[in-house]
């Protein structure tokens with residue numbers, strides 16, 4: 001009897017705090033996504049969430065069907081669509097995904113395919129509201145050879161560029177070098193800048209580049225990942 005009372009009490013507490021889940025792991029109050037729901041409630045927003053491994057996700061879902069998916073200093077871009085109750089993406093890299101997805105209020109819940117973890121994605125309000133402080137040119141230094149000695153020019157959220165300028169020998173060795181990649185700024189807050197350079201839109205087969213930077217001072221941004229140290233400095 002004591003066990004039953006304790007169990008019921010814990011269940012009531014979980015419901016009161018919005019943590020009750022259905023058998024498939026989604027919150028009980030969440031409803032499956034559909035084409036209409038995606039068009040009216042999801043498209044046009046930028047979402048953020050964290051996986052169980054600590055990976056940072058920032059997903060920009062455009063009304064025209066374009067998609068940018070940043071994942072802790074990596075990025076992919078392409079197009080999104082809805083198939084039944086699944087949010088699907090077809091990336092220019094050739095990768096494609098479909099994930100069971102549900103919504104509650106403004107929050108999106110996406111089930112990962114590899115481990116069935118449900119990632120909570122919350123819309124970012126005024127995602128690029130602090131862009132002005134990052135405007136200008138930034139030089140890149142880091143341990144990744146393909147990024148070092150390149151530069152970023154931030155003009156606005158959708159027309160900035162990453163100049164992969166290299167010598168002639170290096171360009172012949174890597175067909176993805178020697179181009180200017182368009183940049184989309186996904187997040188610019190008082191202490192954080194997250195961007196994606198759409199290399200796959202310029203050279204088929206080349207990868208997009210993603211950066212998540214923290215504000216150090218007015219002339220320095222530091223990469224949030226300790227595995228691939230990168231520093232941006234103003235000239």
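The values are calculated or read from the model by the stated rules, or taken from the named source; none is laboratory data. As the structure is a computational prediction, the values presented were derived from the model and not from experiment. Cβ placement follows ideal geometry from the backbone for every residue including glycine, while neighbour counts extend to all protein chains displayed.
Identify, from the list 63, 92, the residue that is surrounded by 15 or more Cβ atoms within 10 Å (Cβ to Cβ), closer than 26 Å to residue 206 by Cα and more than 15 Å from the chain's Cα centre (by Cα).
92
Please indicate, with yes or no, whether at least one residue in segment 97-109 is surrounded by fewer than 16 Cβ atoms within 10 Å (Cβ to Cβ) and either out of contact with any strand residue (DSSP E or B) (no Cβ under 9 Å at 6 or more places or on another chain) or farther than 22 Å from residue 35 by Cβ (or both).
The answer is yes, given that some residue of segment 97-109 is surrounded by fewer than 16 Cβ atoms within 10 Å (Cβ to Cβ) and either out of contact with any strand residue (DSSP E or B) (no Cβ under 9 Å at 6 or more places or on another chain) or farther than 22 Å from residue 35 by Cβ (or both).
For segment 199-232, how many residues are under 28 Å from residue 90 (Cβ atoms), in a strand (DSSP E or B) and free of Cβ contacts under 8 Å to residues at least 40 places away in the same chain?
Total meeting the criteria: 0.
Quick check: is even one residue across segment 148-157 more than 20 Å from residue 191 (Cα to Cα), assigned by TED's automatic domain parsing to the domain that holds residue 197, touching a strand residue (DSSP E or B) at 6+ places or on another chain (Cβ under 6 Å) and part of a loop (DSSP other than H, G, I, E, B)?
Scanning segment 148-157 turns up at least one residue that is more than 20 Å from residue 191 (Cα to Cα), assigned by TED's automatic domain parsing to the domain that holds residue 197, touching a strand residue (DSSP E or B) at 6+ places or on another chain (Cβ under 6 Å) and part of a loop (DSSP other than H, G, I, E, B).
For the list (1) over 17 Å from the mean Cα position of the chain (by Cα); (2) closer than 15 Å to residue 161 by Cβ; (3) in a strand (DSSP E or B), I need the number of the one condition that residue 196 fails.
Going through the list (1) over 17 Å from the mean Cα position of the chain (by Cα); (2) closer than 15 Å to residue 161 by Cβ; (3) in a strand (DSSP E or B), residue 196 breaks only (1).
Which of the residues spanning segment 170-193 are at pLDDT 90 or above and touching a helix residue (DSSP H, G or I) at 6+ places or on another chain (Cβ under 9 Å)?
Selection gives 181, 182, 185, 188, 190, 193.
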